[in-house]
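Asks: A single structure is presented below for examination.
The values are calculated or read from the model by the stated rules, or taken from the named source; none is laboratory data. Owing to the predicted nature of the structure, the values given are computational and were not obtained by experimental measurement. FYI the Cβ positions are ideal-geometry reconstructions off the backbone, even for glycines, and counts take in every protein chain you see.
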Amino acid sequence: MTRRYHFFGCILAPLALWAVVAMATEEEHGGHADEHGGDDEMPEVIHFTVAQRQALGITSETAGPAHIAVEVRLVGEVALNLDRTAHVTSRVPGLVSRIERSYGDRVAAGEVMAVLDSRDLAQARATFLTSRARVRLMRTTFDREEALWREQISSESEYLAAGQALTEANIAHRTAEQMLHALSVSQAELDTLPDDPAGITRYELTAPIGGTVIDRYATLGEMVSESNPVFLIADLGTVWVELAVHLDDLYRLHEGQPVRVRAGDTGPRSHGTIAFLSPMVDAGTRTGLARVVLANKDGQWRPSTPVSAWVTVDAVAAAVTVPTSALYELEGRAHVFIDGEDGIRLRPVTTSERSERVRITDGLAAGESVITSGGVHVKAAFMAAGAGGHGH
């Protein structure tokens, strides 16, 4: 029984909405189904109460002057922002002993992502420890020889030889230290490294930037080298939109032009500007590349998603404009719903330039109010009253 009630509930919700539309139509006809003598003409006017408008989300806007953008339409796809992308590689060959992060994990800069066992690192650390111990020994020897020489107990040649040995020990120590720095070992670690450390082979692979782990190339127990990446990290807070530009349009574009981007009919929408226009043309496709950087803090722009984009290359002043959402196609012609004091009327219009707003060249005057949302229900009410025509 519970499943049956749920099924009927799913049906009754849209039926209740249609009842509101039907009620508006019935009220317009005074409750008589044959008011128009059974013909197929639509009524000239439809009325909706305030409650019906609220229930159906019907709102209106006044037509007026605006600048209409002249746009070039392009297609492309979302891509990773390579300025905020990093391959995580090891600076020493080693065996993967632990994996701390994997696909989709968020990481902070400096966070440990994997641990390797590296003989090369162990050897470098051992060389450093040996050189450090030698410096200490040579320092002690030099201090003793200097004291003996000043007391004329030791010869000057012995004193100079001790100084030379200390200098050579310091050079070897600095070389070993720089080698470890090149392997990403910090100075703080070297300063606190004990003379007989545990885990001398341990190498921590850390994130160079903060972001999301996009890919992982190594598995536990695998041997990795300096030339092969282990992880791919991307900061998805911004993404690139890479657009293919035909040669005919390439000369109309320049960096800084406004761009609106949309992923499909129901996907995300956003605005940006051309951040980069490639000086090269692809020899195979004969197209150029335009790049837009979009903010992506909520992660709605996913790399490899196909998109459409409209680049504003000019703007024209128009005396009468409405949002594109106010237009409806009926019998192959654009129409708007006029929201007047005596009700809602259907009127054909002639359009020209359009972007997010459309220029009306005939059929509508500035100052008239048009339905901009919920028009699908208004259209349904007109269609319910007549199967064709528009009885003006």
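Asks: Being in contact with a strand residue (DSSP E or B) (Cβ under 6 Å, 6 or more places away or on another chain), closer than 17 Å to I58 by Cα, β-branched (V, I, T) and exposed (fewer than 15 other Cβ atoms within 10 Å of the Cβ): is that true of T361 here?
Replies: In short, no.
Asks: Report the residue count in the stretch 279-334 for those that are of a type outside the set (S, T, Y) and under 30 Å from D235 (Cα atoms).
Replies: Filtering the stretch 279-334 for residues of a type outside the set (S, T, Y) gives 279-284, 286, 288-303, 306-307, 309-311, 313-320, 322-323, 326-327, 329-334.
Subsequent filtering for residues that are under 30 Å from D235 (Cα atoms) retains 279-282, 288-303, 306-307, 309-311.
Within the stretch 279-334, residues that are of a type outside the set (S, T, Y) and under 30 Å from D235 (Cα atoms) number 25.
Asks: Follow-up. Quick one: is A165 in a helix (DSSP H, G or I) and surrounded by 13 or more Cβ atoms within 10 Å (Cβ to Cβ)?
Replies: Yes; evaluated as a whole, the condition is true for this residue.
Asks: Only one of (1) within 24 Å of G94 (Cα to Cα); (2) not in a strand (DSSP E or B) fails for R252. Which number is that?
Replies: (1)
Asks: Is there a residue in the stretch 143-157 that is buried (at least 17 other Cβ atoms within 10 Å of the Cβ) and either over 30 Å from L236 (Cβ atoms) or among the aromatic types (F, W, Y) (or both)?
Replies: yes
Asks: Is it the case that the stretch 129-152 has a residue that's more than 22 Å from A176 (Cα to Cα) and not in a helix (DSSP H, G or I)?
Replies: yes
Asks: Being of a type in the set (A, V, I, L, M), modelled with pLDDT of 90 or more and under 26 Å from H271 (Cα atoms) narrows it down to one residue among I360, I344, I338; which is it? Can you show your working first?
Replies: On the way: I344 fails: under 26 Å from H271 (Cα atoms); I338 fails: under 26 Å from H271 (Cα atoms).
Result: I360 is the single residue among I360, I344, I338 that is of a type in the set (A, V, I, L, M), modelled with pLDDT of 90 or more and under 26 Å from H271 (Cα atoms).
Asks: Taking the options T89, T85, T140, name whichever one is out of contact with any strand residue (DSSP E or B) (no Cβ under 6 Å at 6 or more places or on another chain) and of a type in the set (S, T, Y). Spell out how you get there, then give the answer.
Replies: Working: T89 fails: out of contact with any strand residue (DSSP E or B) (no Cβ under 6 Å at 6 or more places or on another chain); T85 fails: out of contact with any strand residue (DSSP E or B) (no Cβ under 6 Å at 6 or more places or on another chain).
Just a single option satisfies the conditions, and that option is T140.
Asks: Further question: Restricting attention to the stretch 113-128, which residues are assigned to a helix (DSSP H, G or I), surrounded by fewer than 18 Cβ atoms within 10 Å (Cβ to Cβ) and of a type outside the set (S, T, N, Q)?
Replies: Matches in the stretch 113-128: R119, D120, A126.
Asks: Against the definition (part of a loop (DSSP other than H, G, I, E, B), at negative phi and surrounded by 17 or more Cβ atoms within 10 Å (Cβ to Cβ)), how does A218 come out, yes or no?
Replies: yes
Asks: Next question, about the same structure. From V78, V88, which residue is under 27 Å from E226 (Cα atoms) and within 35 Å of the chain's Cα centre (by Cα)?
Replies: V88
Asks: Among (1) within 30 Å of E111 (Cβ to Cβ); (2) at pLDDT 95 or above, there is one condition V259 misses while meeting the rest; what is its number?
Replies: Answer for V259: the failing condition is (1).
Yes/no matrix, rows are residues, columns are (1) under 20 Å from the mean Cα position of the chain (by Cα); (2) at pLDDT below 90:
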residue	(1), (2)
T206	no, no
D235	yes, no
A244	yes, no
G264	yes, yes
R269	yes, no
L277	yes, no
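Asks: A further question follows. I need the full set of residues from the stretch 364-392 which are farther than 18 Å from T59 by Cα and at pLDDT below 90, in order please.
Replies: Matches in the stretch 364-392: M383, A384, A385, G386, A387, G388, G389, H390, G391, H392.
Asks: When you go through (1) of a type outside the set (V, I, T); (2) assigned to a loop (DSSP other than H, G, I, E, B); (3) under 36 Å from the mean Cα position of the chain (by Cα) one by one for W310, which number turns out not to apply?
Replies: So the condition that W310 fails would be (2).
Asks: Take the stretch 251-274 and flag every residue that is under 18 Å from S308 (Cβ atoms) and either of a type in the set (F, W, Y) or surrounded by 15 or more Cβ atoms within 10 Å (Cβ to Cβ) (or both).
Replies: L253, Q257, P258, V259, R260, V261, A263, G267, P268, S270, G272, I274
Asks: Scan the stretch 85-112 residue by residue and report those that are basic (K, R) and crowded, with 18+ Cβ neighbours inside 10 Å.
Replies: Within the stretch 85-112, R101 is the sole residue that qualifies.
Asks: Pick from L232, L220, L205: which is touching a residue at least 60 places away in the same chain (Cβ under 8 Å), in contact with a His (Cβ under 8 Å, 6 or more places away or on another chain) and either of a type outside the set (D, E, K, R) or not assigned by TED's automatic domain parsing to the domain that holds G110 (or both)? It would help to see each step written out before you state the result.
Replies: Numbers: L220 fails: in contact with a His (Cβ under 8 Å, 6 or more places away or on another chain); L205 fails: in contact with a His (Cβ under 8 Å, 6 or more places away or on another chain).
Unique residue meeting the criteria: L232.
Asks: Go through (1) of a type outside the set (S, T, N, Q); (2) closer than 22 Å to L95 by Cβ; (3) more than 37 Å from the chain's Cα centre (by Cα); (4) exposed (fewer than 14 other Cβ atoms within 10 Å of the Cβ) one by one and return the number of the condition A182 breaks.
Replies: (3) is the only condition that A182 fails.
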